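Below: the structure, in structure tokens.
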Amino acid sequence: MASNPDFNRPKVSPGLRMAIDYAPLLIFFAVNFLAPGPQIERVLAATASFMVASAIAMIVSRWKTGHISPMLWLSGTLVLVFGSLTLWFHNPNFIKMKPTFVYAIFAIVLGFGLITRRPLLKQLLETSYPGLDAKGWHKLTINWMIFFVLMAVANEAVWRVTAPHMDSDLRIWTLYKFPGCVIITLVFALANIPMLMRHGLTVDAPVEVPPEG
């Protein structure tokens, strides 16, 4: 019988998983707030730091867990693409739009899974959610798809209202991203637990959330 690759992967502590998923965003937040100089120089420094930290997070994930999750691949790749555009054109609007694309792609992927009746959410979150039945997976997929659509719209609204210009102060938008979006995502994940338990989820199952866009 073929071995299960998920079973053979090393166990990852919650702290390490949080660091892989959220440390790059924390570094962007810190550099944007603490770096000296005008706003455009701060955001360029923060973007470069974000790109390096995202690459390191992917390397650490591969080293410590034996793989890079699909969500981390997507988020990390878009950080490098939109970060490069930001640095090349000296236009921070690219890095502001990056989360919108991440959320939109996640929503499209989950919508495709619903249409084709494939359990793509299980692959994206990389968890078995022990005991969860097919109806529970279906409901959870719909919930996350709607959540990602709303988060894409919210990101566009926040940066276009609080930091619409190239030289706009990004501090409000950055605070919205971290810790704002992290808290929103965690609360949403926890809010799904009662529904999941009605569909067979075991009480001691871990709460899995996607990395922040």
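Lysine pairs in the range 13-198 8 or more apart or on different chains: how many have alpha carbons under 15 angstrom apart? Within the range 13-198, the lysine pair count is 4. For the options T174, T86, T65, a Gaussian network treatment of the chain with springs between C-alpha atoms closer than 10 Å singles out T65 as fluctuating the most. For the pair the range 72-87 and the range 17-54, the centres of their Cα atoms are 13 angstrom apart.
Can you put F106, F112, F188, F148 in order, fewest other beta carbons within 10 Å first?
Going from sparsest to densest Cβ surroundings: F112, F188, F148, F106.
Taken along the Cα-to-beta-carbon direction at a fixed 7 Å, the label points for I146 and L114 span 0.9 nm. Stretching the chain fully between R160 and A19 yields a gain of 47.9 nm (0.36 nm per residue, less the alpha carbon separation). Spin-label model, D167 to A48: label points 7 Å out along the Cα-to-beta-carbon direction sit 2.1 nm apart.
Of I20, I95, I193, how do they rank once you tally other Cβ atoms within 10 Å and put the fewest first? Intermediate values should be presented prior to the final figure.
On the way: I20 22, I95 26, I193 13.
Listed from fewest to most nearby Cβ atoms, that is I193, I20, I95.
Rounded to the nearest 0.05, the FRET efficiency derived from the C-beta distance between W73 and L175 at R0 = 25 Å is 0.40.
In terms of its C-alpha gyration tensor, the range 13-198 has a prolate overall shape, because the principal axis ratio a/c (a ≥ b ≥ c, square roots of the eigenvalues) is not below 1.5 and a/b outweighs b/c.
Bear in mind that the values in this text are calculations on the coordinates, not laboratory data. Treat the numbers as computed from the prediction; the structure is a model and nothing was measured. No Cβ is skipped: glycine too gets one built from the backbone with ideal geometry, and neighbour counts run over all protein chains shown.
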